[in-house]
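Chemist: One structure follows; several queries about it will come next.
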Amino acid sequence: MLAVSSPRLQSRIAALARFGALPGGGVTRSCWSPAHEQARAWLLGEIKTAGLTPWVDAAGNVFGGLGLASLDAARPAVLTGSHIDTVPEGGILDGALGVLAGLECLETIRAGGQTPRKPLAVVAWSDEEGRYGSLFGSRAFCGRLDAAAIPTMAAVDGERLVDAMRGAGFDPLRAPEAKAPAGSVEAYVELHIEQGARLEEAGIPIGVVDTIVGVRRARVVFHGQADHAGTTPMDRRRDAFLAAADYALKARDLVVTRGGPRAVTNFGVVHVHPGASNIVPGRAELVHEMRDPDAGVLERLARDCAVLAEDVARARAITVEIRPMSATTPAPCAPRVQGAIEVACSALGLPQQRLYSAAGHDAQNLAAVTDAGMIFIPSRGGRSHRVDEMSDADAIERGANVLLHTLLRLAA
Ligand code: GLV
Ligand code: MN
Ligand code: MN
């Protein structure tokens, strides 16, 4: 039975981890950054070494084709991949695993000499982590990118997408040209670490994803009044930070009590202005993220939170503004892809279980244009989006072999 080379895959994982490596372990490699662009150049070299045909589309998505040099509806391709960008102070597997395992699978298939009926390609999607906007590359590829929004897309630190893309040699206004021809993708399957603890705790090596979460993000800006932090009596302050803190605690309870059983929420970005210990904060900005598998629930929670923010602001004699940032669509995975993964698992003698993905993935965009699915492997301690994110070498090898046999089935 055809099998991937685990040492080759491990050595590529270690090689990619050098780009943006942090002194204490882990990696920071945001899309379009110098570290990311060095990683892209390295990946293009590996694609060539693997005997695949490389190309890069207008949204910066990197492809390696086996039996094709571009996407064509006349010969729909089976796609696999993930992303090579990371969160700040992230781990070395979130994204990298799916790209490098996909590359390994295609190299193994090519070297195996039995060409599948359908062409195959591995892809690294741009800005999956959404520094400048959620799931950017796959959104463009699936025709879901709003061209009019590109000039205003920006990171939370203010860096504009147009500047970041131009700095990396891309024309941001052409990104929508990455839209794939209708019908050119036969199926999509992505290997990823679970990023949670369910598989490890259950002792199950493979997860077959059935649904992918929707994620909504909004900037919540409280406008109060800057004042001297020593001389202004406490009862006369209009402190924007305290309003933001009050809102965060109450919004957390609102999402937990009124959301679905899987609803979660987070405040990962907080800015206080002007930001001095001796000034009462005049402005406080939060990035409020909510997740749920039901788009209707997310919509309702967003409305309820907007009412809550107004109530909190009014009670403190200040004002609030809510600026929506992004909303991804929750997506079911295709039964055909789930079935192919399960058949691959039984051929390899590996137990599997169906799982919900509480992390967002490019596969949820692909689900709008083709049959899409995902394979999960256990994450050590359930840890992810942190520098010690890791999976055992055996778990990686098993996942890559499940991907290999799923791809062979889908491309047969
Ligand atoms: C992707 O990493 C996410 O934030 O879910
Ligand atoms: Mn990821
Ligand atoms: Mn991630």
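The values are calculated or read from the model by the stated rules, or taken from the named source; none is laboratory data. It should be emphasised that the depicted structure is a prediction, and the values quoted were computed from it without experimental measurement. Here the Cβ is made from the backbone with ideal geometry for all residues, glycine too, and neighbour counts use every protein chain on show. All accessible areas refer to the heavy atoms of the entire protein, side chains included, with ligands and DNA or RNA removed. Shrake-Rupley method; radii C 1.70, N 1.55, O 1.52, S 1.80 Å.
Chemist: What is the mean projected area of the alpha carbon convex hull for the stretch 8-117, to one decimal in square nanometres? Spell out each step's value before the answer.
Modeler: Numbers: hull surface 28.0 nm².
The Cα convex hull of the stretch 8-117, projected and averaged over all directions, gives 7.0 nm².
Chemist: Here is a follow-up. Give the Kirkwood hydrodynamic radius (Å, one decimal) of the stretch 61-169, defined as one over the mean of 1/r across all pairs of different Cα atoms.
Modeler: Roughly 15.4 Å, rounded to one decimal.
Chemist: Counting only protein heavy atoms and a 1.4 Å probe, tell me what percentage of the stretch 171-269's accessible area is made up of carbon and sulfur.
Modeler: Reported share for carbon and sulfur atoms: 51 percent.
Chemist: A further question follows. Determine the calculated [θ] at 222 nm for the chain from helices alone, applying -39500 (n - 2.57) to every DSSP H run no shorter than 4 residues and normalising by the residue count; nearest 500 deg cm²/dmol.
Modeler: Per the formula, -10500 deg cm²/dmol.
Chemist: Rule-of-thumb check for the stretch 1-70: C-alpha Rg over 2.2 N^0.38 Å?
Modeler: It is 1.25.
Chemist: Can you tell me how the stretch 277-384 classifies by the Cα gyration tensor, rounded, prolate or oblate, using a/c under 1.5 as the rounded cut?
Modeler: prolate
Chemist: Let me ask another. So, R0 is 41 Å and r is the distance between the beta-carbons of A73 and Q225; what FRET efficiency does that work out to, to 0.05?
Modeler: 0.10
Chemist: Leaving ligands, DNA and RNA out of it, rank F141, F241 by accessible area with a 1.4 Å probe, largest first.
Modeler: So the residues, ranked largest to smallest area, are F241, F141.
Chemist: Roughly what percent of Cα-Cα pairs across the chain reach past 42 Å?
Modeler: Values: 13337 of 84666 pairs.
Percentage above 42 Å: 16.
Chemist: Might you tell me the accessible area per residue for the stretch 317-412, computed with a 1.4 Å probe and given in Å²?
Modeler: On a per-residue basis, the stretch 317-412 sits at 38 Å².
Chemist: Once Lys and Arg get +1 and Asp and Glu get -1 on their Cβ, which of H192, P205, G224 lies farthest toward the positive end of the dipole of the stretch 177-241?
Modeler: Value computed over the given set: G224.
Chemist: Still on this model: With point charges of +1 on the Cβ of Lys and Arg and -1 on the Cβ of Asp and Glu, referenced to the Cα centre of the chain, which listed residue (P176, T28, A344) lies farthest in the positive direction of the dipole?
Modeler: P176
Chemist: Taking R0 as 25 Å, what FRET efficiency do you get between R252 and A317 from their Cβ-Cβ distance, rounded to the nearest 0.05?
Modeler: 0.60
Chemist: Please work out how much accessible surface S5 shows to a 1.4 Å probe, ignoring ligands, DNA and RNA, in Å² rounded to 10.
Modeler: Per-residue accessible area (S5): approximately 40 Å².
Chemist: What figure in square angstrom, to the nearest 10, would you give for the accessible area of D294 with a 1.4 Å probe?
Modeler: In the full protein context, D294 sits at about 70 Å².
Chemist: List every residue whose amide H lies under 5 Å from the amide H of S391, counting only residues 5 or more places away in sequence or on a different chain, with H placed 1.01 Å from N in the peptide plane.
Modeler: R380
Chemist: Let me ask something additional. Between rounded, prolate and oblate, where does the stretch 154-293 land on the alpha carbon gyration tensor, with a ≥ b ≥ c its root eigenvalues, rounded for a/c under 1.5, else prolate if a/b exceeds b/c?
Modeler: Oblate shape, in that a/c is at least 1.5 and b/c is the bigger or equal ratio.
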